[in-house]
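First the structure, in the form of structure tokens, and then the observations on it.
The values are calculated or read from the model by the stated rules, or taken from the named source; none is laboratory data. Since the model is a prediction, treat every value here as computed from it, not as a measurement. Every residue, glycine among them, receives a Cβ derived from its backbone with ideal geometry; neighbour counts consider all protein chains shown. The area values use the complete protein model at the heavy-atom level, side chains included, leaving out ligands, DNA and RNA. Shrake-Rupley method; radii C 1.70, N 1.55, O 1.52, S 1.80 Å.
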Amino acid sequence: MRTRAGEHFDVLVIGAGLSGIGAACHLQRHCPERTYAILEARDRIGGTWDLFRYPGVRSDSDMHTLGYSFRPWEDARAIADGPSILRYVTDTAHHYGVTDHVRTGHRVERAEWSSPQSRWTVQVRHAETDELSTITCSFLFCCGGYYRYDEGYTPHLEGVERFSGAVVHPQHWPEDLDYAGKRVVVIGSGATAVTIVPAMAQTAAHVTMLQRSPSYIVSLPARDGVADWLRRRLPRMTAYQIVRWKNVALMTLSYQLSRRRPRLMKAIVRRGAQRQLPEGYDVDTHFRPVYDPWDQRLCIVPDGDLFAAISAGRASIVTDEIETFTGRGLRLRSGAEIEADIVVTATGLQMLALGGVELQVDGTPVDLPDHVVYKGMMLSGVPNFAFTVGYTNASWTLKADLTAAYVCRLLTHMRRHGYDRCTPADEDPQLIREPLINLSSGYVLRSVQDFPSQGTRRPWRVHQNYALDVLDFKLGGVEDGVMRFARGGPPTSAAAPAPGADEAQPALSG
Ligand SMILES: Cc1cc2nc3c(=O)[nH]c(=O)nc-3n(C[C@H](O)[C@H](O)[C@H](O)COP(=O)(O)OP(=O)(O)OC[C@H]3O[C@@H](n4cnc5c(N)ncnc54)[C@H](O)[C@@H]3O)c2cc1C
């Protein structure tokens with residue numbers, strides 16, 4: 001759909017990935033009177049699940065929690081492949097009538113808030129013509145993901161120009177790459193590497209996973225037996241909700257155990273790997289990280305496929321550092337050489353906040369590190385603006401759903417009380433700030449300083465805990481003394497709780 005000059009929407013959603021489509025479904029269901037559009041930079045919907053095309057691309061969390069709260073995941077596989085997830089997102093968009101609201105080829109470059117007008121003016125670059133146009137909206141909801149789409153992260157690779165084979169980054173997978181019978185080296189030890197290695201090992205001559213240091217790798221069943229059993233006996237939504245909460249409980253338990261009893265968790269993970277690897281395998285060199293579980297995300301392998309590929313001799317792990325590429329492969333610090341026809345650099349993403357959109361409030365640029373996040377979904381001092389960032393220790397969609405539902409609550413509250421604006425107050429000067437993302441992974445450490453921070457207490461604290469957030473987002477009052485509501489003119493002091501209003505149930509936050 002093309003954009004007409006002077007168009008105005010109640011809500012503009014940036015991004016038509018899993019979160020943007022979910023946000024639009026929430027708007028359709030809970031705020032049907034609001035006009036909205038989704039502006040998507042690419043020419044297709046699906047985001048991550050359309051972009052990544054490498055062999056074996058799949059979820060690394062279960063689909064009962066990566067699926068939407070309002071639409072059951074009914075595929076037999078609990079850990080699903082990328083194309084199935086993409087189909088689920090596009091089917092959901094069709095089912096809820098959201099597809100017609102998506103404008104592809106619309107990249108949002110900047111957005112300027114005007115308090116006198118109580119609206120955002122959003123500058124959009126059109127992929128077809130490279131022209132700029134503007135659209136206005138009353139509320140801006142950024143679902144632009146958390147990383148750069150145009151480029152993945154590749155560290156400096158000494159001597160790579162000498163290498164005669166192909167070097168491929170998983171984010172830009174060549175459709176016609178033929179790796180059957182070829183010797184492949186996959187550099188990396190994260191979720192992408194552990195996915196690609198067993199997938200390529202099915203037809204490659206051999207796949208070597210070359211890692212500088214190991215990650216925690218845990219095998220989970222690709223199918224969920226409880227889900228299969230419940231689906232045959234209960235209505236689909238009931239079965240889905242039970243499995244969703246079961247998986248939330250298991251995830252929370254495993255996370256809490258990791259944080260409170262790291263040595264026990266390390267032993268459990270080590271024993272799991274050892275049991276699935278050949279007798280005498282050097283588990284400690286290749287599967288014992290130097291950090292504690294959940295300092296970085298755990299890697300999941302469905303039905304132990306990585307361990308099976310290693311046991312079958314089709315894949316191997318080398319823990320070493322690259323000294324240089326050579327004409328025929330790689331020379332390592334230990335002096336060992338690995339010959340390769342193809343090198344895959346599974347070296348990660350480049351994080352990017354808010355889809356790279358530049359924000360201004362009344363002419364002042366919003367410098368993200370100066371701001372603190374409110375409930376992990378809004379920015380201190382920035383009116384009528386929300387964004388989606390999922391959990392680091394659980395499925396992204398759990399938080400995305402809560403965020404979208406909360407935006408709907410805010411919009412309903414504002415409509416009911418005639419407010420034009422909601423602004424999380426500039427944070428308490430006594431607030432102690434912390435980095436927004438509490439992982440020590442390289443891709444986080446490289447860019448977390450470009451992100452806003454979080455505080456150490458509610459509502460500025462980001463809980464990596466779905467159950468706590470459910471209480472806070474669903475039962476806490478939207479008038480919590482921190483969120484300021486206003487009509488016309490600039491926002492005044494924090495609004496007092498409005499007794500009797502339906503949103504003003506006892507605030508659990510604050
Ligand atoms: C390979 C891979 C596997 C993953 N597996 C899991 C998993 O199993 N479980 C999990 O919880 N998380 C996983 N994640 C994280 C994953 O990104 C999220 O689960 C989820 O897909 C994010 O959805 P999103 O819609 O928020 O962002 P994205 O999927 O990144 O979509 C963002 C969309 O916004 C568009 N956009 C961005 N900026 C702009 C702009 N300025 N203007 C217009 N449009 C814009 C993009 O083009 C894109 O379509 C995975 C990530 C990757 C890369």
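Residue pairs whose Cβ atoms lie under 8 Å apart, separated by 6 or more positions or on different chains, with the first residue in segment 187-214 and more than 12 Å from ALA309 (Cβ to Cβ) and the second assigned to a helix (DSSP H, G or I), are ILE187/ALA193; THR192/PRO170; GLN211/ALA193; GLN211/HIS286; PRO214/THR285; PRO214/HIS286; PRO214/PHE287.
Of all residues in segment 382-400, those that are closer than 20 Å to GLU33 by Cα and part of a helix (DSSP H, G or I) total 0. Counted as qualifying within segment 227-314 are the helices (runs of 4 or more DSSP H) with 1 or more residues that are within 16 Å of the ligand (Cβ to nearest atom) and among the hydroxyl-bearing types (Ser, Thr, Tyr), namely 236-260. For the structure I just gave you, tell me whether ILE79 is assigned to a helix (DSSP H, G or I), within 9 Å of the ligand (Cβ to nearest atom), within 22 Å of LEU230 (Cα to Cα) and not polar (S, T, N, Q). For ILE79, the condition - assigned to a helix (DSSP H, G or I), within 9 Å of the ligand (Cβ to nearest atom), within 22 Å of LEU230 (Cα to Cα) and not polar (S, T, N, Q) - is not met. Considering only residues that are in contact (Cβ under 8 Å) with a residue 60 or more places away in the chain and crowded, with 17+ Cβ neighbours inside 10 Å, which ones fall in segment 321-331? Once the filter is applied, which keeps residues that are in contact (Cβ under 8 Å) with a residue 60 or more places away in the chain and crowded, with 17+ Cβ neighbours inside 10 Å, segment 321-331 yields ILE322, PHE325, GLY329, LEU330.
The single condition among (1) of a type in the set (Val, Ile, Thr); (2) within 16 Å of the ligand (Cβ to nearest atom); (3) touching a Ser or Thr at 6+ places or on another chain (Cβ under 7 Å) that VAL185 does not satisfy is (2). Considering ARG125, ARG107, the condition of being open to solvent by 30 Å² or more (accessible area, probe 1.4 Å), assigned to a strand (DSSP E or B), at pLDDT 95 or above and more than 30 Å from GLY67 (Cβ to Cβ) is satisfied by ARG125 alone. Restricting to segment 1-57, and then to whatever is touching a Cys at 6+ places or on another chain (Cβ under 6 Å) and within 7 Å of the ligand (Cβ to nearest atom), can you tell me which residue is farthest from GLY67 (Cα to Cα)? Here the residue is ILE14.
Among the residues of segment 315-338, is there at least one that is at negative phi, within 16 Å of the ligand (Cβ to nearest atom), out of contact with any Phe, Trp or Tyr (no Cβ under 8 Å at 6 or more places or on another chain) and assigned to a loop (DSSP other than H, G, I, E, B)? Taking every residue of segment 315-338 in turn, none turns out to be at negative phi, within 16 Å of the ligand (Cβ to nearest atom), out of contact with any Phe, Trp or Tyr (no Cβ under 8 Å at 6 or more places or on another chain) and assigned to a loop (DSSP other than H, G, I, E, B).
In this structure, does ARG446 turn out to be touching a residue at least 60 places away in the same chain (Cβ under 8 Å) and either in contact with a His (Cβ under 7 Å, 6 or more places away or on another chain) or away from the ligand (no atom under 16 Å from the Cβ) (or both)? Spelling it out, it is not the case that ARG446 is touching a residue at least 60 places away in the same chain (Cβ under 8 Å) and either in contact with a His (Cβ under 7 Å, 6 or more places away or on another chain) or away from the ligand (no atom under 16 Å from the Cβ) (or both).
Criterion applied to PRO369, PRO383, PRO424 was being away from the ligand (no atom under 16 Å from the Cβ) and modelled with pLDDT under 95, and the one residue passing it is PRO369. Apart from one condition, VAL98 fits all of (1) under 18 Å from the mean Cα position of the chain (by Cα); (2) crowded, with 22+ Cβ neighbours inside 10 Å; the exception is (1).
Might you let me know whether segment 67-76 holds any residue that is within 21 Å of THR403 (Cβ to Cβ), open to solvent by 40 Å² or more (accessible area, probe 1.4 Å) and more than 9 Å from the ligand (Cβ to nearest atom)?
Within segment 67-76, the first condition is being within 21 Å of THR403 (Cβ to Cβ), and the residues that meet it are 67-73.
Within this subset, residues satisfying the condition of being open to solvent by 40 Å² or more (accessible area, probe 1.4 Å) are 71.
Of the ones still in play, those that are also more than 9 Å from the ligand (Cβ to nearest atom) are 71.
Among the residues of segment 67-76, at least one is within 21 Å of THR403 (Cβ to Cβ), open to solvent by 40 Å² or more (accessible area, probe 1.4 Å) and more than 9 Å from the ligand (Cβ to nearest atom), which makes the answer yes.
Restricted to segment 339-359, and to residues there that are open to solvent by 40 Å² or more (accessible area, probe 1.4 Å) and part of a strand (DSSP E or B), the residue that is nearest to the ligand (Cβ to nearest atom) is GLU358.
Residues of segment 223-240 that are out of contact with any Lys or Arg (no Cβ under 7 Å at 6 or more places or on another chain), touching a residue at least 24 places away in the same chain (Cβ under 8 Å) and open to solvent by less than 60 Å² (accessible area, probe 1.4 Å): ASP224, ALA227, ASP228, TYR240. Within segment 148-160, residues that are among the small types (Gly, Ala, Ser) sit with their Cβ atoms under 8 Å from residues that are open to solvent by less than 60 Å² (accessible area, probe 1.4 Å) and within 16 Å of the ligand (Cβ to nearest atom), at 6+ positions apart or across chains, in these pairs: GLY152/HIS169; GLY152/PRO170; GLY152/GLN171; GLY152/THR345; GLY152/THR347; GLY152/GLY348; GLY152/LEU349; GLY152/GLN350. Candidates are the residues of segment 401-441 that are assigned to a strand (DSSP E or B) and surrounded by fewer than 20 Cβ atoms within 10 Å (Cβ to Cβ); the one that is farthest from the chain's Cα centre (by Cα) is ARG433. When each of LYS182, LYS246, LYS266 is tested for being charged (D, E, K, R) and either surrounded by fewer than 14 Cβ atoms within 10 Å (Cβ to Cβ) or under 30 Å from ASP341 (Cα atoms) (or both), the lone residue that passes is LYS182.
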